[in-house]
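Below you'll find the structure, written out as structure tokens, and then a few comments.
Just so you know, all these numbers are worked out from the coordinates, no wet-lab data involved. Everything numeric here is computed off the predicted structure, so don't read it as measured data. Positions of Cβ are generated from backbone atoms using ideal geometry, with glycine treated the same way; all protein chains shown enter the neighbour counts.
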Amino acid sequence: MAMSMPKISACEVADCSYNADKKCHTLAITVGDSSCAMCDTFTKASKKGGDPSTIGGVGACRSDNCRFNTSLECTAGSILVGLHSGHADCKTFASK
């Protein structure tokens, strides 16, 4: 069965270089394996990056303790990225 890449429904991290109008414009992010499911793709730079016609998706999820993680892939319908303790997190994360 083919998997589809969940889209990022919104990104609340305004200072990320891939964020424009609360949308993520990189092709895909990686969610890290920390206890708070950090967005490992977060980049703070002086210029914007990504493709403005693209809405980002979740390319990989390394948060083994998330109930949406199956074989290191995200199975949520979509995710929200937001701020947590000064960094970008997957706010859709839910413990198993």
Item to complete: Give segment 69-96 a look and list any residue that's among the hydrophobic types (A, V, I, L, M, F, W, C) and under 12 Å from the mean Cα position of the chain (by Cα), or say none.
Response: CYS74, ALA76, ILE79, LEU80, VAL81, LEU83, ALA88, CYS90, PHE93
Response to the item:
Restricting attention to segment 37-57, the residues that are over 16 Å from LYS22 (Cα atoms), surrounded by 14 or more Cβ atoms within 10 Å (Cβ to Cβ) and in contact (Cβ under 8 Å) with a residue 24 or more places away in the chain number exactly 2
Fill in: Options PHE68, PHE42; residue that is within 19 Å of ALA94 (Cβ to Cβ) and of a type in the set (Phe, Trp, Tyr)
PHE68
